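Peer 1: Following this message is one structure expressed as structure tokens.
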Amino acid sequence: MYEGPVQDLIEELGRLPGVGPKSAQRIAFHLLSTDPEDVTRLADVLNRVRSSVRYCEVCFNVAEGDRCRVCRDPRRDRTVICVVEESKDVVAIERTREFRGTYHVLGGAISPIDGIGPGDLRVRELCQRLADGTVSEVIIATDPNLEGEATSSYLSRLLLPMGVKVARLASGLPVGGDLEYADEVTLGRAFEGRRYVSA
């Protein structure tokens, strides 16, 4: 235990996701030994993020204005929506440069253990986006875990009667991985999603 503001800083840093007590302590002491201008710049950026960043009124991705960069882009295919759990998932998909449609950020995944149901996510807003008939395909790109699968299953049952094509991202073996280390679910998915080789 440290005194006053140092302990307060360690505790606040420890509340960040993925930062344990040891990491929080290392970061705190790094900040104490850093040039004061660097610490001031970090504090300014944190304040600016909190005051100027909001959620896109269309897809709920992070944005500086009313709409995010993707929703403002006229070259995007408005007939396809990729549904993700969080804004960080949009960044991951954008890095592939494979998807040219738009997004819908749910704000999480169904998790009964954590008390998160469909009503806690932006499912209603997704249905409203589909109401005018512009969208013909929804790609569900939730995480390949229990919560993501539950969310995908729920969305599939909800959206199919609305007359749109519903797809789930393929999952399977990672490039560079070894079969012996793959779990049964991943290996099973790899078999389900196999592609046939043509001459």
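Peer 1: Evaluate the following for Tyr103: is it assigned by TED's automatic domain parsing to the domain that holds Val80, farther than 29 Å from Arg72 by Cβ, at pLDDT 95 or above and not in a loop (DSSP other than H, G, I, E, B)? Lay out the reasoning, then the answer.
Peer 2: Numbers: assigned by TED's automatic domain parsing to the domain that holds Val80: yes; farther than 29 Å from Arg72 by Cβ: no; at pLDDT 95 or above: yes; not in a loop (DSSP other than H, G, I, E, B): yes.
When the stated conditions are applied, Tyr103 does not pass them.
Peer 1: Please go through the stretch 121-135 and pick out each residue that is part of a helix (DSSP H, G or I) and more than 16 Å from the chain's Cα centre (by Cα).
Peer 2: Listed by number, the residues that qualify are Arg124, Glu125, Cys127, Gln128, Arg129, Leu130.
Peer 1: Okay, next question. Which one is nearest to Thr79 (Cα to Cα) among residues in the stretch 166-192 that are surrounded by 13 or more Cβ atoms within 10 Å (Cβ to Cβ) and not hydrophobic (A, V, I, L, M, F, W, C)?
Peer 2: Arg168
Peer 1: Being under 28 Å from Ser153 (Cα atoms), of a type in the set (Asp, Glu) and not in a helix (DSSP H, G or I), is that true of even one residue in the stretch 17-39?
Peer 2: Looking through the stretch 17-39, none of the residues is under 28 Å from Ser153 (Cα atoms), of a type in the set (Asp, Glu) and not in a helix (DSSP H, G or I).
Peer 1: Is at least one residue of the stretch 109-120 in a loop (DSSP other than H, G, I, E, B), touching a residue at least 12 places away in the same chain (Cβ under 8 Å), over 30 Å from Ser51 (Cα atoms) and of a type outside the set (Val, Ile, Thr)? Break it down stepwise before answering.
Peer 2: From the stretch 109-120, those in a loop (DSSP other than H, G, I, E, B) are 109-110, 115, 117; that's our starting set.
Subsequent filtering for residues that are touching a residue at least 12 places away in the same chain (Cβ under 8 Å) retains 109-110.
If we keep only those that are over 30 Å from Ser51 (Cα atoms) as well, we get none.
Looking for residues that are in a loop (DSSP other than H, G, I, E, B), touching a residue at least 12 places away in the same chain (Cβ under 8 Å), over 30 Å from Ser51 (Cα atoms) and of a type outside the set (Val, Ile, Thr), one finds none in the stretch 109-120, hence no.
Peer 1: Is one or more of the residues making up the stretch 53-62 within 30 Å of Thr134 (Cβ to Cβ), touching a strand residue (DSSP E or B) at 6+ places or on another chain (Cβ under 6 Å), surrounded by 12 or more Cβ atoms within 10 Å (Cβ to Cβ) and among the polar types (S, T, N, Q)?
Peer 2: yes
The values are calculated or read from the model by the stated rules, or taken from the named source; none is laboratory data. Source: prediction; values computed, not measured. Every residue, glycine as well, gets a Cβ built from its backbone with ideal geometry; the counts of neighbours run over all protein chains shown.
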